[in-house]
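The structure appears below as structure tokens.
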Amino acid sequence: MMTIFSRIIIALFVVCILVACDKIESAQTRNDFTDVMLDLQTNIQAKGYKVSRVQQVDVGMKKSGYTIAEYRVVFFARPDEVKTILEKYPEFASFLPLSITIYKDGDITRLAGMPFVLPRSGASTQDLKTMIETWEKDTADIIHQTAETSD
Amino acid sequence: MKHTYSAVTLASLFALTSVFIGWQVVNSKQLPTLLRLESPYTLSETINNIKNAVKARNFRMIREQPVAQGFLSGDNKQQHIVYFCNFTEAYQSLQQDKQIGYMLPCRFTISEEGGKVIISTINPAAITRLTGAKAGAVCAANSAGYLDIMEEAVL
């Protein structure tokens with residue numbers, strides 16, 4: 001009987017640790033980096049977002065004397081949601097635009113999202129909370145769709 | 001004997017779990033998600049002050065733009081982003097944790113909110129705490145570094 005209780009407590013402890021660290025959505029593919037980058041931007045647009053910029057981190061690094069493999073950050077958002085945030089929730093402007101990181105890691109191209117736990121934890125209204133949860137879901141969908149369609 | 005051992009183990013795990021949950025609850029309430037500071041200067045003066053403070057701390061200015069740039073045309077120019085980077089720190093951080101792209105480049109948002117000019121940024125310490133990211137220190141070395149820059153800009 002005690003053993004069952006012990007197992008429950010151990011399971012609870014492990015769950016607490018896992019819940020405490022909010023994961024960053026990520027996926028990987030063996031397809032060519034350039035193709036994955038194109039798929040990523042197509043999938044972002046398919047969800048109704050606009051890509052505003054691609055930050056070429058590896059290029060900036062190289063200019064400063066540091067060589068790294070391809071490493072890009074794709075910035076995106078929905079124009080109407082940018083308008084809503086700036087007008088109704090200006091304190092959340094720090095979380096815009098959204099971003100997905102795409103980088104080469106050996107033969108693999110990896111995709112990673114952003115930690116939505118931060119804006120989610122500060123959302124003051126249900127509308128804002130819903131918007132952030134949609135961003136989180138869409139980002140996860142885009143990342144996994146891109147990794148799957150590219151494979 | 002076996003029952004005594006199990007009871008002690010159970011009590012220890014229960015205590016550990018309780019302490020851990022308590023620690024998380026307390027920390028999540030204490031740590032602000034955003035670092036925010038009001039500026040006594042105008043929006044454009046504050047943007048210039050931030051740029052100067054960033055450069056004074058050996059960061060390289062990447063660019064400055066309205067938050068709405070690329071999304072909205074027209075009058076949405078009350079919120080600006082200043083992007084900057086210390087490539088040496090960014091390189092070192094990327095060696096530890098390649099998933100930190102969402103923190104690159106480092107950035108401040110300067111905005112007018114209800115007649116006040118506010119400098120804000122995502123708190124690197126909150127990122128580290130909430131995500132377990134190994135390289136939460138990528139921007140401005142740490143939260144204190146960010147606050148130093150913000151305070152210098154409003155002096």
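Quick note: the coordinates plus some simple rules give every number you see, no bench work behind them. The structure presented is a predicted model; accordingly, all values stated were derived computationally and were not measured. Positions of Cβ are generated from backbone atoms using ideal geometry, with glycine treated the same way; all protein chains shown enter the neighbour counts.
How high is the FRET efficiency between A:THR134 and A:ASN31 when r is their beta carbon distance and R₀ equals 25 Å, given to the nearest 0.05? Don't jump to the answer; show the numbers that get you there.
Working: r = 28 Å, r/R0 = 1.10.
Computed FRET efficiency for A:THR134 and A:ASN31: 0.35.
Residues whose amide H lies under 5 Å from that of B:ARG60, counting only those 5 or more places away or on a different chain, are B:CYS85, B:ASN86, B:PHE87; hydrogens are built 1.01 Å from N in the peptide plane. Evaluate the relative contact order of the range A:4-150 (contact order divided by residue number), counting alpha-carbon pairs under 8 angstrom at least 6 apart; express in whole percent. Normalised by residue count, the contact order of the range A:4-150 is 32 percent. Packing, taken as the mean count of other beta carbons within 10 Å per residue, orders the peptides A:54-63, A:90-99 from highest to lowest as A:90-99, A:54-63.
Here the gap between A:GLN126 and A:GLN45, fully extended at 0.36 nm per residue and compared with their Cα-Cα distance, gives a gain of 26.6 nm.
Of the listed pairs A:LYS23/A:LYS137; A:LYS50/A:LYS137; A:LYS88/A:LYS129; A:LYS50/B:LYS51; A:LYS88/B:LYS77; A:LYS47/B:LYS77, which have alpha-carbon separations greater than 19 Å here? Table pairs above 19 Å Cα-Cα are A:LYS50/B:LYS51; A:LYS47/B:LYS77. Residues whose amide H comes within less than 5 Å of that of A:MET114, counting only those at least five positions distant or on another chain, are A:GLU25 (H built at 1.01 Å from N in the peptide plane).
Please list B:37-49, A:66-78 highest first by mean number of surrounding beta-carbon atoms within 10 Å per residue.
Values: B:37-49: 16.4, A:66-78: 19.2.
My ranking of the peptides, most packed first, is A:66-78, B:37-49.
With a ≥ b ≥ c taken as the square roots of the eigenvalues of the C-alpha gyration tensor of the range A:4-150, please select rounded if a/c is under 1.5 and otherwise prolate if a/b is larger than b/c or oblate if it is not? Present the calculation step by step, with values, prior to reporting the outcome.
Working: a/c = 1.86, a/b = 1.17, b/c = 1.58.
Verdict is oblate for the range A:4-150.
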